[in-house]
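In what follows, a structure is listed as structure tokens, so that the remarks can point back to it.
Rule-based calculations on the coordinates, nothing more; no lab input. From a predicted model like this one, the values you see are computed outputs, not experimental measurements. When we count neighbours, we look across all protein chains shown, and the Cβ atoms used for this are built from the backbone with ideal geometry, even at glycine.
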Amino acid sequence: MTNTGYFTSDDCDLDAFKTLCNQTLDPAQVPLATDVQRNVPIYDVAQFPDLLNNRFFKSEWAHTLLNGAGVLVLKNAYADTSAIDAATAIFTQIIADEKAAGANSADHFSAGTNDRVWNSLGKLCLADPETFARYFGNPAIQAVSEAWLGPNYQMTAQVNLVHPGGAAQQAHRDYHLGFQTSEVSAGYPAHVHDLSPVLTLQGAVAHCDMSVDSGPTKLLPFSQAFRAGYAAWRLPEFRAYFEEAYIQLPLAKGDALFFNPALFHAAGENRTTDVHRMANLLQVSSAFGRALENIDRTTMCRALFPVLSQLNLSDADKNAAIASCAEGYSFPTNLDSDPPVGGLAPETQAVLFHRALNDGMDAATFNAALDDITARKRA
Ligand SMILES: [Fe+2]
């Protein structure tokens, strides 16, 4: 950080990044792990019956995610994979139904032929609550979620299905700051870059056996600890280093992988001819990612817009008023109706508000555009 409290590309020292990522995980750092493979600690859930109430495991996982490898595997997270098979059948049907209905399930980080099910959490629950109960009634997943986020977390999930020949993603970081353009990301001060990863836990449940050839997630252990990483991951030299240094681990159906969302990672290329690689990506959010009060910002925007259109205020004053009134963040949203096509984050009320003032939009058009945003975001 160059004395400004903000990260820029000048803070992205590739040699320092390489030194960080060239570490070798000392098994003594993860004494509870069943195994360590390619710097990633592996925990065989079948051997540990009561992880949820075991603070030794939770502490080791928290340390691993924060300052260690940044990633861990829960082997046999599902001792009985029949719930996974039942969920796979439902997700496969949902994909077929949504394709038939012409849905556009764009991938965030790679164009191509992958299939997605946005909000696979809610869709599974409504399609088959019994399968949902068996699938998410998984104390090991609760344990790792609580290890990183504490209690009262907010589960979300999206299915990713990569067919034979499916392309790899580019290296990236994940939600929150990983979903923003570099310009938006650069506007958040350095300590918020430190905060972003502790607001989310990223996971993947393997719905089939995943050989390395089938393209399980490419990972760069230790990279989550690079503080300037949100300013670095789009830089060509960092992406090139990722391609040199990443690792992949084969997973079996019922295994689950969890990682710090700041870890540099990318879905791998599916080089098989016959494996349809399905993972249910879990994004678990901190309870704290919410404000104290529920605010009806849409109604407030309707009230404020005609006033700001006419009132003789400076642009700076108007901007400050909009910042207190309009929703400035794209999430949470409904990714089916508000997908990230052509960019990472859908338009916010605040961006619309500025656009409307700049364009001299009339109130009726502005209100209709606000209604569109509300409709697209509706669960
Ligand atoms: Fe990702």
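Quick one: net charge around PHE238, please, counting Lys, Arg +1 and Asp, Glu -1 for every other residue with C-beta under 13 Å from its C-beta.
That works out to -2.
Find the centroid of the Cα atoms in region 32-105 and in region 326-379, then give the distance between the two in whole Å.
Using only Cα atoms, the two centres lie 34 Å from each other.
Order the peptides 86-93, 205-212 from the highest to the lowest mean number of other Cβ atoms within 10 Å of their residues.
Going from most to least packed, we get 205-212, 86-93.
So what's the back-of-envelope 222 nm ellipticity for the chain, counting only DSSP H runs of four-plus at -39500 (n - 2.57) apiece and dividing by all residues, rounded to 500?
-11000 deg cm²/dmol
Let's test the formula: R0 of 30 Å, r as the Cβ-Cβ distance of ARG55 and ALA252. What FRET efficiency results, to the nearest 0.05?
Efficiency for this residue pair is about 0.60.
Build a GNM of the chain with springs between Cα atoms under 10 Å: which of SER309, SER82, SER185 gets the top mean-square fluctuation?
Largest GNM mean-square fluctuation: SER309.
Per residue and in cubic angstrom, what volume does the convex hull of the Cα atoms of region 26-65 have?
Looking at region 26-65, the number lands at 63 Å³ per residue.
Would you please put 189-198, 51-60 in order of how densely packed they are, using the mean number of other Cβ atoms within 10 angstrom per residue and starting with the highest?
189-198, 51-60
Just to confirm the filter: which GluC sites (Glu not before Pro) across region 236-334 are DSSP coil and have at most 16 other Cβ within 10 angstrom of their Cβ?
GLU293
What do the square roots of 5 times the Cα gyration tensor eigenvalues come to for region 297-377, in whole Å, largest first, as semi-axes of the equivalent ellipsoid?
Working through the eigenvalues yields semi-axes of 23, 13, 11 Å.
So what's the net charge close to ALA323: Lys and Arg +1, Asp and Glu -1, counting the other residues with Cβ under 13 Å from its Cβ?
Here the count lands on -1.
Among LYS123/LYS253; LYS75/LYS99; LYS99/LYS377, which pairs are too far apart, with a Cα-Cα distance over 26 Å?
LYS75/LYS99
Classify region 184-269 as rounded, prolate or oblate from the Cα gyration tensor: take a ≥ b ≥ c as the square roots of its eigenvalues, call it rounded if a/c is under 1.5, otherwise prolate when a/b beats b/c and oblate if not.
The shape class here is oblate.
By what distance, in whole Å, do the Cα atoms of the chain stretch along each of the three principal axes, largest value first?
Principal extents (largest minus smallest coordinate, Cα): 68, 51, 42 Å.
Find, among the trypsin sites (Lys or Arg not before Pro) in region 283-320, those assigned to loop by DSSP (not H, G, I, E, B) with at most 11 other beta-carbon atoms within 10 angstrom.
Counting only loop positions with at most 11 other Cβ atoms within 10 Å, the trypsin sites (Lys or Arg not before Pro) in region 283-320 are ARG290.
Quick one: GLU146, GLU183, fewest Cβ neighbours within 10 Å first, how do they rank?
Least crowded to most crowded, the residues run GLU183, GLU146.
Count the net charge of all other residues whose Cβ sits under 11 Å from the Cβ of LEU20, scoring Lys and Arg as +1 and Asp and Glu as -1.
With Lys, Arg at +1 and Asp, Glu at -1, the neighbours total 0.
Rounded to the nearest 20 Debye, what is the dipole magnitude of the chain about its Cα centre when Lys and Arg each give +1 and Asp and Glu each give -1 at the C-beta?
In debye, rounded to 20, the chain gives about 240.
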